[in-house]
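Data first, discussion second: the structure below is written as structure tokens.
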Amino acid sequence: MQKRVLVIAYYFSPLGMGGVRRIVNFCQHLPKFKWTPVVLTVKPIKYFAYDQDFMKESKCEVHRSESIDPLRIMQILNIGKEFGKIRNRSQGLSKFLSIPDNKIGWFPFAIRKGLQSIKNVDVIFATAPPYTGLLIGWILKKISGVPLVVEFRDPWPYFPYTTSLHKRLNEWLKRKVLNASDAIISINNPIKTDIQAIIKKHQSVVVIPTGYNEDDFKMEINPSNKFTIVYTGSFIPPRTPKYLLKALSELISDGKVNSDDIRIKLIGFSAEVPHELFLQDSKLEKIVKIEPYRPHKYCVKQLKEANLLWVMIDETEKGVSTGKIGEYLGARKPILATVPECPCADVIRETQSGIVVPPRDIEAIKKALYDFYSRFKKGKLGSLPEEKIKKYNWIMLTNKLSEVFDNLALTKKVKSS
């Protein structure tokens, strides 16, 4: 018998980016485990990344509500040609005025729509960010009595609090949400540890990382005869490609790498365009190709055709995971991870899928790049160990989520009988 879960997700199809893809994948695979997702989200918003293919994959019931928040207002007023500039200028002000985040204007509309959508629902699943979504789940649980599962894709807070008052109010809200939750999902262990310091002892925190869809990678490809490095994702400060490009430039100058043999593709949204300045280096002009955000299928094809995949997390982001790592594993290509000691580094080592070096250590990056390049020239790049990768398949990860839902639905049934 199919059971129903109300999924509260501000970021949903047809928007792009990794957080959207995670929810779309859960919704796509939950019916395999006898759960029918009903999505509560916002009406169209102004955003920097869209992917219409997501709509085709998420064939589920979707309820969209109004909202008074910056992205919704920009959509209504048709503002957004200078989206990046407006976003950067408004961030500081919105962080100061909004608690827990600037999507709080979604709250009253989502509560009203949620009360209409919650009929015959067995579990509420609220995912964050934005953390306003967790408040909506908390209130809907209080009103309806339906068990609540909350998910943390990023730590709360992601950025430092603006003032001590913001900290006190946010920490109070976080404790209320966590202690009202019946189960908690975390994307990684550092976030889990932070949560466990707050919650009641009987509550569980289940780690469900990011993953890949096997079917996405069943495509014909045209591999290049040049050593091709691909990065898919955003460059929002402090993330920058300058250390990798500096390392590559020095390898070319040292005569260790032939510039005719290598190509780099940087694909994704950038809040600024400073990295284009680095391409003024004559050694890099013909090597590096910069592309804006592209649809998921296009990016998957680039991953498949690459020889080396690059992931970057700045040393100031130690508790952060990155959604791209699951897709990188799905591509079965070696990975250069210029990251601090963080969950991403743990995944690379656990799966034996690549080399981890500090994100700003140019000498270490040079050594790793030269190692991969040399192996490519000898035809010895190799493949990733299948047994260590398959647990990151989205079907297996969704099964893990469904088991959390099953336990709560069973408890609810026993209490009501």
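The values are calculated or read from the model by the stated rules, or taken from the named source; none is laboratory data. Since this is a predicted model, take the numbers as computed values, not measurements. Glycine gets a Cβ as well: all are built from the backbone with ideal geometry, and neighbour counts include every protein chain shown.
In this structure, residue 343 does not satisfy being surrounded by fewer than 19 Cβ atoms within 10 Å (Cβ to Cβ) and within 24 Å of residue 189 (Cβ to Cβ).
Filter segment 297-348 down to the residues that are of a type in the set (Phe, Trp, Tyr) and under 17 Å from the mean Cα position of the chain (by Cα), then identify the one that is farthest from residue 375 (Cα to Cα).
Step one: list which residues in segment 297-348 are of a type in the set (Phe, Trp, Tyr), which gives 298, 310, 328.
Pick out the ones that are also under 17 Å from the mean Cα position of the chain (by Cα) and you get 310, 328.
Numbers: 310: 16, 328: 19 Å.
Checked segment 297-348; the qualifying residue farthest from residue 375 (Cα to Cα) is 328.
Among residues of segment 230-259 being more than 23 Å from the chain's Cα centre (by Cα) and basic (Lys, Arg), the one that is surrounded by the fewest Cβ atoms within 10 Å (Cβ to Cβ) is 256. When the residues of segment 260-286 are filtered to those that are modelled with pLDDT under 80, over 23 Å from residue 15 (Cβ atoms) and assigned to a loop (DSSP other than H, G, I, E, B), the one that is nearest to the chain's Cα centre (by Cα) is 274. Select, from 169, 245, the only residue that is closer than 24 Å to residue 323 by Cα, assigned to a helix (DSSP H, G or I) and touching a residue at least 24 places away in the same chain (Cβ under 8 Å). Unique residue meeting the criteria: 245. Residues in segment 391-406 include at least one that is of a type outside the set (S, T, N, Q) and either at pLDDT below 95 or under 30 Å from residue 253 (Cβ atoms) (or both).
Can you tell me which residue in segment 39-62 is modelled with the lowest pLDDT, limited to those that are surrounded by 21 or more Cβ atoms within 10 Å (Cβ to Cβ) and of a type in the set (Val, Ile, Thr)? Restricting to residues being surrounded by 21 or more Cβ atoms within 10 Å (Cβ to Cβ) and of a type in the set (Val, Ile, Thr), the top hit is 45. Considering segment 382-401 alone, what residues qualify as being of a type outside the set (Phe, Trp, Tyr), closer than 17 Å to residue 215 by Cα and in contact with a strand residue (DSSP E or B) (Cβ under 8 Å, 6 or more places away or on another chain)? If the condition is that a residue be of a type outside the set (Phe, Trp, Tyr), closer than 17 Å to residue 215 by Cα and in contact with a strand residue (DSSP E or B) (Cβ under 8 Å, 6 or more places away or on another chain), then 393 is the only one that fits.
Could you list all residues from segment 373-388 that are outside any loop (DSSP other than H, G, I, E, B) and surrounded by fewer than 19 Cβ atoms within 10 Å (Cβ to Cβ)? The answer is 374, 375, 376, 377, 386, 387, 388. All of (1) more than 25 Å from residue 49 (Cβ to Cβ); (2) of a type in the set (D, E, K, R); (3) at pLDDT 85 or above hold for residue 289 with one exception: (1). Residues in segment 108-143 that are more than 22 Å from residue 22 (Cα to Cα) and at pLDDT 95 or above: 108, 109, 111, 112, 113, 115, 139, 140, 141, 142, 143.
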